[in-house]
Structures are given as structure tokens and as C-alpha cells.
1. Working only within region 1-28, note down all residues that are at pLDDT below 90 and either crowded, with 17+ Cβ neighbours inside 10 Å or in contact with a strand residue (DSSP E or B) (Cβ under 6 Å, 6 or more places away or on another chain) (or both).
2. Of the residues V155, V118, which single one is at pLDDT 65 or above, closer than 18 Å to H33 by Cβ and either touching a Phe, Trp or Tyr at 6+ places or on another chain (Cβ under 9 Å) or part of a helix (DSSP H, G or I) (or both)?
3. Of all residues in region 38-62 being among the small types (G, A, S) and at pLDDT 95 or above, which is nearest to K163 (Cα to Cα)?
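The values are calculated or read from the model by the stated rules, or taken from the named source; none is laboratory data. Remember, it's a predicted structure, so these values are computed and weren't measured experimentally. Note: ideal-geometry Cβ built from the backbone for every residue, glycine included; neighbour counts use all protein chains shown.
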Amino acid sequence: MLKHGILGLLNYGSMTGYDIVNIFKDSLSYFWHAQTSQIYRDLQTIKKNGWATDETVPQDGKPDKKIFTITESGREELKRWLTEDSVEFELRSPLMMKIFFRGELSIDENIEYFEKLVKENNAFDYKMYIDPPDTEKYAGLINDPMKALYWKMTVEYGMMYSKMHRLWLEKCIRQMEELKHENSGN
């Protein structure tokens, strides 16, 4: 799936691996996690599959840079992937599986666990709200209002999902604290 995300970015225009990593962090990372090394590895697979070419551009005083360009075969693969019917909302969640069985642990251990999750979620929220993605900047790069709209919608999804996640975690903590208070006899 990451390969198709990279193809989608290359479909907007030729880019270096560095450009792809940065745009990925500003957009796709709101709903898809990938390490920089994964992106560079998949770029090589994309090139090997004939879905993109690269051109080395010499730079004075800096390492040469590679600029990747999607091929017609890459556009066909992107369109094939976009039209396949097999994509559904993901129902698997390692987090939910773990939480389902956390009744095996003490309520204090679980409150601590959920508070840690809230802190991690808040760090992500902080990044989004303090340094929100510049949808107008990317709309200008894409130069297609329809394509920019879909990019904006997915970022909004990521932001709303994160907010829902935080509210749910906070509610769970309140419920555990209420149960702890009831069981303590106070």
C-alpha cells in the first residue's frame, strides 16, 4: 500500500526522495505510518517495477540528488489500485486487542497505561494543531482543486480520528477511576 501512496505523490509531479518523505509527513502520515527507510526502499521497488524512473542531478557542494518521475506504467498501476474494490475500513487493531484483555491487570496499571496513551496522542495532536498541514501550499503544487480537496479531506479525517481517540481515552480513564473509587469504599 505504501508503494501506491508514493505513486500517488509522484503523480502530482517529479520529486526527490527527500521531497516525498517531507510531503508524506505533512499529509499521508495523518492516516498511514511509514519510516523514511521504508519510503526509500519502496522507491527502489517502484523503479524496479518500471513505475518510475530517476534522474541524477549533480549539485555543487552537496551530494547529487535523484529526481523520481512516474511512468505511464506507474500511472496505470495507480489507477488499477484506485479502482480495485478490495479496500475496506480496517477492523484490526492491536491496541483494541490488548485493551480487551487488560482486565487481567490491576486498575492502577491500566490507568497508568491509558494515561501514557493520552500523552502519546496529545503529542500527535500538538503537532497537528500547532503546526497544521498547509493544505493551501500543496493545493498550489498540485494545481488541481479537485485533487487538493481529497488531500484536505484525508488530513481532516486524521485530525478528527485523533480527537476522537483522545476523547475516548479520557473517558476510559474516568470510568476506571470511578470504578476504583467505588471499590475503595469511599
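1. Hits for region 1-28 are Y12, I23, F24, D26, S27, L28.
2. V155
3. Going through the qualifying residues, I end up with A52.
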